[in-house]
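Student: Sharing a structure here in structure tokens format.
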Amino acid sequence: YVPEDRTDHQQAQVDLIDEVLKWSGADDGEPPRKVVDVGCGIGGSSRHIASKYDGCTARGITLSPYQAQRGNELAAERGLADRASFQVADALDMPFGDGEFDLAWSLESGEHMPDKKKFVGELMRVVRPGGRVIIVTWCHRDLEKGEPSLSRKEERILAKINRAYYLPRWCSVDDYVKILEGEGA
């Protein structure tokens, strides 16, 4: 969905976040109160989610000290320092307790994770029972029944993308679903 008059990149990002939240059912019933933003960058999703829901706090993690610092600066500039904070941490070994959050949010960071099973396991670990995990990530297509792998052409194209963006191997949506089901989702 893109409005014909869309020219504002930041508003497009906010619209994406809102559509994902709506699609996931996060806007239905009890809104999230404690959110972890895994692979937060400079914290745009965290700041928006924290300001969207009354009483919501968001904690973002990134591997980049610059991104964490800039995220905290932007939160302070927007009067959200008490509701959105950012720190350097590893998504595959998060420094949070089990069940600490009611929403685990990951927007375009899963493709950077070298161990998708461990990534999903950590998201599931830090979200409370009955909480919500939202993963928006780059995936390759699902394989057809009986199809052993992507075609050589598809593998070559993905290899070029991975080299250009320093990404590990991708997985499919179906792969993520299987991993999530294996984690009890």
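Student: Within the set of pairs 6 or more residues apart or between chains, which connect a residue that is polar (S, T, N, Q) inside the range 146-162 to a residue that is at pLDDT below 95 with Cβ atoms less than 6 Å apart?
Tutor: That search, which allows pairs on different chains as well, returns nothing.
Student: Being surrounded by 14 or more Cβ atoms within 10 Å (Cβ to Cβ) and either free of Cβ contacts under 8 Å to residues at least 40 places away in the same chain or farther than 27 Å from I157 by Cα (or both) is the filter here; which residues of the range 120-133 pass it?
Tutor: Just the residues of the range 120-133 that are surrounded by 14 or more Cβ atoms within 10 Å (Cβ to Cβ), to begin with: 120-128, 131-133.
Those that are surrounded by 14 or more Cβ atoms within 10 Å (Cβ to Cβ) and either free of Cβ contacts under 8 Å to residues at least 40 places away in the same chain or farther than 27 Å from I157 by Cα (or both): G121, E122, L123, M124, R125, V126, V127, R128, G131, R132, V133.
Student: Pick out the one residue from L16, L21 that is at pLDDT 95 or above and either part of a loop (DSSP other than H, G, I, E, B) or not β-branched (V, I, T) (or both).
Tutor: Numbers: L16 fails: at pLDDT 95 or above.
Of L16, L21, the one residue that is at pLDDT 95 or above and either part of a loop (DSSP other than H, G, I, E, B) or not β-branched (V, I, T) (or both) is L21.
Student: Moving on to the next point. Got a number for residues in the range 94-153 being of a type in the set (D, E, K, R) and in a helix (DSSP H, G or I)? Spell out how you get there, then give the answer.
Tutor: Filtering the range 94-153 for residues of a type in the set (D, E, K, R) gives 98, 100, 102, 108, 111, 115-118, 122, 125, 128, 132, 141-142, 144-145, 147, 152-153.
Now restrict to residues that are in a helix (DSSP H, G or I): 111, 116-118, 122, 125, 152-153.
Residues meeting the conditions: 8.
Student: Another question about this same structure. Determine if the range 139-151 includes at least one residue that is surrounded by 14 or more Cβ atoms within 10 Å (Cβ to Cβ), within 25 Å of K52 (Cβ to Cβ) and touching a strand residue (DSSP E or B) at 6+ places or on another chain (Cβ under 9 Å).
Tutor: No: the range 139-151 contains no residue that is surrounded by 14 or more Cβ atoms within 10 Å (Cβ to Cβ), within 25 Å of K52 (Cβ to Cβ) and touching a strand residue (DSSP E or B) at 6+ places or on another chain (Cβ under 9 Å).
Student: Of everything in the range 30-78 that's assigned to a strand (DSSP E or B) and touching a helix residue (DSSP H, G or I) at 6+ places or on another chain (Cβ under 7 Å), which residue is most open to solvent (accessible area, probe 1.4 Å)?
Tutor: Of all residues in the range 30-78, those assigned to a strand (DSSP E or B) come to 34-38, 57-62.
In the following step, the residues that additionally are touching a helix residue (DSSP H, G or I) at 6+ places or on another chain (Cβ under 7 Å) were identified as 35-38, 57-58, 60, 62.
Working: V35: 2, V36: 0, D37: 5, V38: 0, T57: 51, A58: 1, G60: 0, T62: 10 Å².
Among those residues, the one meeting the criterion is T57.
Student: Given (1) part of a loop (DSSP other than H, G, I, E, B); (2) among the acidic types (D, E); (3) within 27 Å of G99 (Cβ to Cβ), where does D175 come up short, assuming only one miss?
Tutor: (1)
Student: Next question. Any chance the range 84-91 includes a residue that's assigned to a loop (DSSP other than H, G, I, E, B), surrounded by 14 or more Cβ atoms within 10 Å (Cβ to Cβ), touching a helix residue (DSSP H, G or I) at 6+ places or on another chain (Cβ under 8 Å) and small (G, A, S)?
Tutor: Step one: filter the range 84-91 for residues assigned to a loop (DSSP other than H, G, I, E, B), giving 89, 91.
Imposing the further condition that a residue be surrounded by 14 or more Cβ atoms within 10 Å (Cβ to Cβ) reduces the set to 89, 91.
Next cut, touching a helix residue (DSSP H, G or I) at 6+ places or on another chain (Cβ under 8 Å) only: 91.
In the following step, the residues that additionally are small (G, A, S) were identified as 91.
Within the range 84-91 (the criterion being assigned to a loop (DSSP other than H, G, I, E, B), surrounded by 14 or more Cβ atoms within 10 Å (Cβ to Cβ), touching a helix residue (DSSP H, G or I) at 6+ places or on another chain (Cβ under 8 Å) and small (G, A, S)), the answer is yes, since at least one residue qualifies.
The values are calculated or read from the model by the stated rules, or taken from the named source; none is laboratory data. Predicted model, so just to flag it, every value in this text is computed and none were measured. All Cβ positions, glycine included, derive from the backbone under ideal geometry; neighbour counts span all protein chains shown. Heavy atoms of the whole protein, side chains included, go into the accessibility calculation; ligands, DNA and RNA do not. Shrake-Rupley method; radii C 1.70, N 1.55, O 1.52, S 1.80 Å.
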